[in-house]
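The values are calculated or read from the model by the stated rules, or taken from the named source; none is laboratory data. All figures in this text were calculated on a predicted structure; none of them were measured in a lab. Counting neighbours? That spans all protein chains shown, and the Cβs are built from the backbone with ideal geometry, glycine included. Ligands, DNA and RNA are stripped out before the accessible areas are found, and what is left, the full protein with its side chains, is counted by its heavy atoms. Shrake-Rupley method; radii C 1.70, N 1.55, O 1.52, S 1.80 Å.
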Amino acid sequence: MTSPASILGSQSPKLKSLPPLSLYVHIPWCLKKCPYCDFNSHAIRGEGSQAPEEEYVAALIRDLEFALQDVWGRRLSSVFFGGGTPSLFSAKAIDTILTAVRTLLPLEHFAEVTLEANPGTFETQKFADFRAAGINRLSIGIQSFNAQHLKAL
Ligand SMILES: C[S@@+](CC[C@H](N)C(=O)[O-])C[C@H]1O[C@@H](n2cnc3c(N)ncnc32)[C@H](O)[C@@H]1O
Ligand code: SF4
């Protein structure tokens, strides 16, 4: 049987160690569902309701533990919290996830750790707490700077 190495021949890249990984963490809740959005995102049900933060964080950590067998020993060069609207989650929840990530996988010292945030869902103290938890980059979606267009959207 022809081995992959003999097919690739001298074209195959020579890696001294496995390259670092990027971890994507999906948080699928939003205040409202935008009609144009095709992503896996869901409105929090009912006025004053909250996303099931604790259960979801526990499930995410279990999922990472389960995936460890495939990525054991690999370094992480970035983490991206996407959504949905991850900035709806508390800084404590983000801290719990990042602590588990650091415990289970080597997170590079200068790793980029991003949180997707909707304008209006973060306040100064929460923002400072996200920073303390290890977030060092925000991704802010801007659909329009025009108030009428925003209303229409
Ligand atoms: C899925 S949202 C998540 C972050 C945040 N909830 C927000 O709305 O900015 C990320 C980006 O995807 C864009 N987006 C949503 N639905 C889209 C679609 N159907 N096609 C292209 N981009 C879309 C949003 O406008 C936003 O800039
Ligand atoms: S806030 Fe973002 S993720 Fe949520 S429904 Fe709107 S576009 Fe989609």
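Within segment 96-152, track down each residue that is touching an Asp or Glu at 6+ places or on another chain (Cβ under 6 Å) and either small (Gly, Ala, Ser) or more than 24 Å from CYS37 (Cβ to Cβ) (or both).
ALA133, SER139
Within segment 72-117, track down each residue that is open to solvent by 10 Å² or more (accessible area, probe 1.4 Å) and in contact with a Cys (Cβ under 6 Å, 6 or more places away or on another chain).
Scanning segment 72-117 gives a single hit, GLY84.
Given the conditions (1) outside any loop (DSSP other than H, G, I, E, B); (2) surrounded by fewer than 17 Cβ atoms within 10 Å (Cβ to Cβ), and given that ARG45 satisfies all but one, which numbered condition is not satisfied?
(1)
Any residue in segment 122-144 that's under 22 Å from ALA111 (Cβ atoms): show its pairings with residues that are open to solvent by 80 Å² or more (accessible area, probe 1.4 Å) and within 16 Å of ligand 2 (Cβ to nearest atom) at Cβ separation under 7 Å, as long as the two are six or more apart or on different chains.
ILE140/PRO119
Which of the residues belonging to segment 9-34 are modelled with pLDDT under 80 and either within 13 Å of ligand 1 (Cβ to nearest atom) or on the phi > 0 side of the Ramachandran plot (or both)?
Selection gives GLY9 alone.
Here is a list of conditions, (1) open to solvent by 50 Å² or more (accessible area, probe 1.4 Å); (2) under 20 Å from PRO20 (Cα atoms); (3) within 16 Å of ligand 2 (Cβ to nearest atom), and ARG137 meets all of them except one; can you say which number that is?
All conditions are met except number (3).
Please determine whether any residue of segment 51-61 is open to solvent by less than 80 Å² (accessible area, probe 1.4 Å) and either outside any helix (DSSP H, G or I) or within 15 Å of SER139 (Cβ to Cβ) (or both).
Yes; the residues of segment 51-61 include at least one that is open to solvent by less than 80 Å² (accessible area, probe 1.4 Å) and either outside any helix (DSSP H, G or I) or within 15 Å of SER139 (Cβ to Cβ) (or both).
What helices (runs of 4 or more DSSP H), lying completely within segment 90-153, carry at least 1 residues that are over 18 Å from ILE61 (Cα atoms) and out of contact with any Gly (no Cβ under 9 Å at 6 or more places or on another chain)?
So the answer is 124-133, 147-152.
Looking at CYS37 and the list (1) within 16 Å of ligand 1 (Cβ to nearest atom); (2) open to solvent by 60 Å² or more (accessible area, probe 1.4 Å); (3) without any contact (Cβ under 8 Å) to a residue 24 or more places away in the chain, which single condition is not satisfied?
(2)
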